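Each remark here refers to the structure printed beneath this line.
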Amino acid sequence: AQSVAQPEDQVNVAEGNPLTVKCTYSVSGNPYLFWYVQYPNRGLQFLLKYITGDNLVKGSYGFEAEFNKSQTSFHLKKPSALVSDSALYFCAVRDRGSTGFQKLVFGTGTRLLVSP
Amino acid sequence: GAVVSQHPSWVICKSGTSVKIECRSLDFQATTMFWYRQFPKQSLMLMATSNEGSKATYEQGVEKDKFLINHASLTLSTLTVTSAHPEDSSFYICSARDGQGNTEAFFGQGTRLTVV
């Protein structure tokens, strides 16, 4: 089964500094990887995805992620953090479950806190 | 991106009653919808996958008689929590995919259910 791991429960960064939220994956075959963001008491918003092609993927709100096959990583990055970026971030991988349907398998989430 | 609307955003009900949550795709036809449950400070747990016009497929450990899912049209899926108990209190999130080759899923804003 495919899986992703987010090793950090929380990441703290000062506004204006670059941010990185880490994600590593374990898959058989080529991975379909995603990043989503969740604000309090809200659903998830899609940020970006990697399917194939360029290893650097650009997404919404200035976020980007780099697919690194040798390190099996898909870290989320932003050059300059904003206080409004503070939220819960989920990495996910697409998997075909026991039911036969394609589904998203989520990491445990990383809380990003950007201080003014 | 595509819009998924979930209603209600929050609901409080008494033990023993049933609660229905609606998930609508507003600007696309959702051939597949997913229902997740999220416990505080935890990741999303997939409960079931439903395809329009067919019975939902439940993940292992999820009681199908407890969590009734109906996907009667290409734009609407409902989750009914039957005979709710306090342990059913949680954040429920739906997501939908359009079946047009888009690999990402789009999420509703979630429903906070509190059973008293």
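The values are calculated or read from the model by the stated rules, or taken from the named source; none is laboratory data. In this text, all values refer to a predicted model and were calculated from it rather than measured experimentally. In this analysis, Cβ positions are derived from the backbone assuming ideal geometry, glycine residues included, and neighbour counts consider all displayed protein chains. Surface accessibility is based on the protein's heavy atoms, side chains included, excluding ligands, DNA and RNA. Shrake-Rupley method; radii C 1.70, N 1.55, O 1.52, S 1.80 Å.
Within segment B:35-74, can you find the residues that are hydrophobic (A, V, I, L, M, F, W, C) and either modelled with pLDDT of 95 or more or under 19 Å from residue B:91 (Cβ atoms) (or both)?
If the condition is that a residue be hydrophobic (A, V, I, L, M, F, W, C) and either modelled with pLDDT of 95 or more or under 19 Å from residue B:91 (Cβ atoms) (or both), then B:35, B:39, B:44, B:45, B:46, B:47, B:48, B:62, B:67, B:68, B:69 are the ones that fit.
Can you find a residue in segment B:70-92 that is within 14 Å of the chain's Cα centre (by Cα), within 11 Å of chain A (Cβ to nearest Cβ) and under 30 Å from residue A:60 (Cα atoms)?
yes
List the number of the failed condition for residue B:45; all other conditions in (1) assigned to a strand (DSSP E or B); (2) more than 11 Å from every other protein chain (Cβ to nearest Cβ); (3) of a type outside the set (S, T, N, Q) hold.
Unmet for residue B:45, out of (1) assigned to a strand (DSSP E or B); (2) more than 11 Å from every other protein chain (Cβ to nearest Cβ); (3) of a type outside the set (S, T, N, Q): (2).
Quick one: how many residues across segment A:14-63 are of a type in the set (A, V, I, L, M), within 14 Å of chain B (Cβ to nearest Cβ) and over 23 Å from residue B:107 (Cβ atoms)?
Residues that pass the stated criteria total 0.
Quick check, is residue B:97 away from every other protein chain (no Cβ under 11 Å), among the basic types (Lys, Arg) and either surrounded by 17 or more Cβ atoms within 10 Å (Cβ to Cβ) or closer than 23 Å to residue A:34 by Cβ (or both)?
Working: away from every other protein chain (no Cβ under 11 Å): no; among the basic types (Lys, Arg): yes; either surrounded by 17 or more Cβ atoms within 10 Å (Cβ to Cβ) or closer than 23 Å to residue A:34 by Cβ (or both): yes.
It is false that residue B:97 is away from every other protein chain (no Cβ under 11 Å), among the basic types (Lys, Arg) and either surrounded by 17 or more Cβ atoms within 10 Å (Cβ to Cβ) or closer than 23 Å to residue A:34 by Cβ (or both).
Matching residues to (1) open to solvent by 60 Å² or more (accessible area, probe 1.4 Å); (2) under 27 Å from residue A:111 (Cβ atoms):
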residue	(1), (2)
B:22	no, no
B:25	no, no
B:34	no, yes
B:59	no, yes
B:67	no, no
B:85	yes, no
B:92	no, yes
B:105	no, yes
B:108	no, yes
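For segment A:5-116, which fully contained strands (runs of 3 or more DSSP E) count at least 3 residues that are touching a strand residue (DSSP E or B) at 6+ places or on another chain (Cβ under 6 Å) and either of a type in the set (A, V, I, L, M) or open to solvent by less than 50 Å² (accessible area, probe 1.4 Å) (or both)?
Answer list for segment A:5-116: A:10-14, A:33-38, A:44-50, A:64-68, A:73-78, A:87-96, A:102-106, A:110-115.
Identify the single condition in (1) farther than 23 Å from residue B:46 by Cα; (2) of a type outside the set (Phe, Trp, Tyr); (3) within 14 Å of another protein chain (Cβ to nearest Cβ) that residue A:115 does not satisfy, given that it satisfies every other one.
(3)
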